[in-house]
Amino acid sequence: MNTSKAEVLGYQVFGSELSKIEMGNHLVINTLNGHSYNVAKADPDFQEALRQSDVLLPDGVSVVFGARVLSGKKIQKIAGYDIFTHLLVKLNKENGSCFFLGASMQTLQLIGERLQKDYPNVTFGSFSPPYRAQFSEQENKMMCEQVNDFLPDVLFVGMTAPKQEKWVHDNKERLNAGVICSIGAVFDFYAGTTQRPANWVIKLKLEWLGRLLKEPKRMWRRYLLSTPVFFIDVFKEKVKKSTKVKKF
């Protein structure tokens, strides 16, 4: 896979165009933003899952900023919804297949109905796992069997972070899928159960503000606490690097 990467606070972040991502066996795609970075600081398993990603997308202006400050690289923000639509367009052209693992039966049904209209050449399947914080070995086996019986080109996992990334990391070798992509809230966005901010808001790089205003109780910690911590760590790392250069 010939792609450029930018190092941001110990993470190798994808720094190219989505068209550069080559489909392959067990290719794990995750996303990184200020909030997931902050959560990973206190969760070693989540941190390891993110670091071991084959492709770690810069899903936030904070990560784009961090790459510019720490690596001197100008990269583009790529949200989970961006990789989702990119892969579906590709699958539609190639008569490919995808599988949705996660969310409720109702959400999966809505996704299926819309998918048939938007991408008629894509064969799809889905499974709604039990709603619990941690799965038993029997449940993990059942989930993997559901995926493997379908043999998808792309597996979309939507069980919210950090649960989904850790589950993929622990089970990826048992899954027969070309690409394994953790996309969380995208399931609800595509199903229409959660409204994504308007396009003009996204273009102005204010998607975070739109989500904060729509769901203040759920999002305030993410944007008002986690993101500032990320920026502080970026500046600390920049100062540390500058100090090392001066000493040398």
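Read-outs: derived from the displayed coordinates by stated rules, not from any lab. Quick caveat, the model's predicted, so the values are computed rather than measured. All Cβ positions, glycine included, derive from the backbone under ideal geometry; neighbour counts span all protein chains shown.
Here is how the numbers come out for the structure above:
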read-out: Alpha-carbon Rg with Dmax, taken over the range 79-196, Å; value: 13.2, 38
read-out: Cα-projected label distance for Glu17 with Phe231, points at 7 Å along beta-carbon direction, nm; value: 3.2
read-out: Residue-span extension gain [Glu145 to Arg174] - 0.36 nm each, minus C-alpha spacing; value: 9.6 nm
read-out: Karplus (6.51, -1.76, 1.60) ³J(HN,Hα), θ = phi - 60°, over the range 7-23, in Hz, Gly and Pro reported as x; value: 7, 10, 6, x, 10, 8, 9, 4, x, 9, 8, 4, 5, 7, 6, 9, 5
read-out: Proximal aspartates and glutamates to Lys41, defined as alpha-carbon separation beneath 14 angstrom and excluding residues fewer than eight positions away on the same chain; value: Asp233
read-out: Long pairs among Lys172/Lys236; Lys163/Lys236; Lys117/Lys163; Lys20/Lys240; Lys74/Lys163; Lys74/Lys236, criterion Cα-Cα beyond 25 Å; value: Lys172/Lys236; Lys163/Lys236; Lys117/Lys163; Lys20/Lys240; Lys74/Lys163
read-out: For Phe124, residues with placed amide H under 5 Å, excluding near neighbours; value: Cys98
read-out: Candidate aspartates and glutamates - alpha carbon under 19 Å from Lys141, same-chain residues fewer than 8 apart omitted; value: Asp149, Glu165, Asp170, Glu173
read-out: In the range 38-101, trypsin sites (Lys or Arg not before Pro) in a DSSP loop with at most 11 other beta-carbon atoms within 10 Å; value: Lys74
read-out: Peptides ranked, highest mean first, by Cβ atoms within 10 Å: ranges 122-128, 59-65, 171-177; value: 59-65, 122-128, 171-177
